[in-house]
Amino acid sequence: MNELTTASQTVGPFVSISFAPSLAGDLTVQGVSGKRVVLHGRVIDGDGAPVGHAAIETWQANAHGKYAHPEDFQEKPLEREFRGFGRVMADERGAYRLVTIEPGCTPGPGGVLQAPHLVVVIFMRGLLKHLTTRVYFPDDTHNAEDPVLKLVPEERRATLIARRVATDANELEWNIVVQGKDETVFFEY
Amino acid sequence: MHDVHSYRKPSPGSQPDYLYPPYKSTVKRAPVQPLVLVPQTLSEITGPVFGRNEIAPLDHDLTRQHQSAPLGERMIVNGRVLDDGGCPVANTLVEIWQSNAAGRYRHADDNHDAPLDPNFTGCGRTLTDDAGRYRFVTIKPGAYPWRNHHNAWRPPHIHFSVFGCGFLQRLVTQMYFPGDPLLALDPMYTCIADERARQRLISSFDWENTVPEFAIAYRFDIVLRGRDATPMEK
Ligand SMILES: [Fe+2]
């Protein structure tokens, strides 16, 4: 007989008082290897309006494709300085910004490689449970064979791939659309 | 090659849907496209690990973070973080935030006409111990109005954020108090279909952990998704 799982509840409008002291908006501390990327964009609701003060958390492997977690049994190097956890707040215009590194490929189901990606969870007022999604990197040759992307209807895959911003090779834009036109793909597990 | 040790789905009926029109903000924020069901991979069964060195000695005591004690009824809130198989979730980060005794948050956007308390920030964090136990000392939060519907009041509550062992166990919830007449009128509470799942969000008076001449205790256990049987190594 399993215990009943505790219900999710919204973070409400004041979550930043709790999250602000522990934000992690720049994971590229000294000693971390990998290609630096600046991921930014906006959180948008069903009216196409920006969602202010959403909280976004990200989880990723290091540049070698190793997670800083005891259940990652891969023989790949860990980097002490890299936890792999990002936490940022969108501002009042719905804009967020995360500086991190491009992770390496990680193992997927049945030994198939997963393309470099970040797992992303989103919290906001009006969301009774968080949304879970992923962001992938543009022009990565592994994307075509990624076992999770392959399960996403082709016409919606683009919502999971950040766009290169012409002005800066390290800059990537990725909007999170919670509802409506170009709605981001969200996952259940 | 290891298979991932996957997580079970949350208990049926225990979780709210994204869309619950009585809570008005859900109408434009609930996805309309179906969620895409994908396999659990190493990316989701792992998650951030936090260390004891990241927690300051008074992070769990919201009554001792300023020069003087905050106003209000001091209370202890304690409990365990477990998975749905009853196993403790040890060394996991638990964060809380709440209003002060007058029902006001220390946040620039909170314009409820109630006093701020210079001695209360309303935030705490701690790690669970090896038995999954956590404990905070705080003051009882006040009810506060919100603009969802006519004469809408949030029942006194404490927001909880829990990480668990992997990102799939991530949970943000709210703890309520027993016997509160506001609960039945609160869309955040009524959005949960299952009556027993609603009850899970209500703390219980905890005489055993009440400290004489100091503070009443409330108990609030948090149950996260559990895991399937250990996979065989290939
Ligand atoms: Fe609240």
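Of all residues in segment A:91-119, those satisfying the criterion of being within 19 Å of A:Ser33 (Cα to Cα) and either open to solvent by less than 30 Å² (accessible area, probe 1.4 Å) or facing another protein chain (nearest Cβ under 9 Å) (or both) are A:Leu98, A:Val99, A:Thr100, A:Ile101, A:Pro103, A:Gly104, A:Cys105, A:Thr106, A:Ala115, A:Pro116, A:His117, A:Leu118.
Cβ-Cβ distances below 6 Å connect the following pairs, each with a first residue in segment B:192-217 that is within 17 Å of B:Gly79 (Cα to Cα), a second residue that is part of a loop (DSSP other than H, G, I, E, B) and of a type in the set (D, E, K, R), and a separation of six or more residues or different chains: B:Ala217/B:Asp206. Scanning segment B:32-84 for residues that are touching a helix residue (DSSP H, G or I) at 6+ places or on another chain (Cβ under 9 Å) and part of a helix (DSSP H, G or I), we see that the one that is farthest from the other protein chains (Cβ to nearest Cβ) is B:Glu54. Within segment B:203-234, being under 17 Å from B:Gly13 (Cα atoms) and among the aliphatic types (A, V, I, L, M) holds for B:Ile222, B:Val223, B:Leu224. Picking from residues in segment B:145-178 that are out of contact with any strand residue (DSSP E or B) (no Cβ under 6 Å at 6 or more places or on another chain) and more than 30 Å from B:Gly226 (Cα to Cα), the one that is least open to solvent (accessible area, probe 1.4 Å) is B:Asn148.
A:Val88 satisfies every condition listed in (1) open to solvent by less than 40 Å² (accessible area, probe 1.4 Å); (2) part of a loop (DSSP other than H, G, I, E, B) except (2). Which residues, counting only those in segment B:113-167, are over 24 Å from B:Pro70 (Cβ atoms) and within 15 Å of the ligand (Cβ to nearest atom)? The answer is B:Arg147, B:Asn148, B:Ala152. Restricting B:Arg52, B:Arg74 to those that are open to solvent by 50 Å² or more (accessible area, probe 1.4 Å) and closer than 20 Å to B:Ile202 by Cα reduces the list to B:Arg74. Number of residues in segment A:1-18 that are surrounded by fewer than 21 Cβ atoms within 10 Å (Cβ to Cβ) and more than 9 Å from the ligand (Cβ to nearest atom) equals 6.
Of the residues B:Pro10, B:Pro39, B:Pro88, the single one that is touching a residue at least 60 places away in the same chain (Cβ under 8 Å) and surrounded by 14 or more Cβ atoms within 10 Å (Cβ to Cβ) is B:Pro10. For segment A:44-54, residues that are more than 9 Å from every other protein chain (Cβ to nearest Cβ) and either crowded, with 23+ Cβ neighbours inside 10 Å or outside any loop (DSSP other than H, G, I, E, B) (or both) total 3. Taking the stated definitions as given, is A:Gly31 more than 19 Å from the chain's Cα centre (by Cα), more than 14 Å from chain B (Cβ to nearest Cβ), more than 25 Å from B:Val27 (Cα to Cα) and more than 16 Å from the ligand (Cβ to nearest atom)? Judged against the criteria, A:Gly31 is a match.
The values are calculated or read from the model by the stated rules, or taken from the named source; none is laboratory data. Everything quoted here is computed from the prediction, not taken from an experiment. FYI the Cβ positions are ideal-geometry reconstructions off the backbone, even for glycines, and counts take in every protein chain you see. When the accessible area is computed, the model is the full protein with side chains, heavy atoms only, and any ligands, DNA or RNA have been set aside. Shrake-Rupley method; radii C 1.70, N 1.55, O 1.52, S 1.80 Å.
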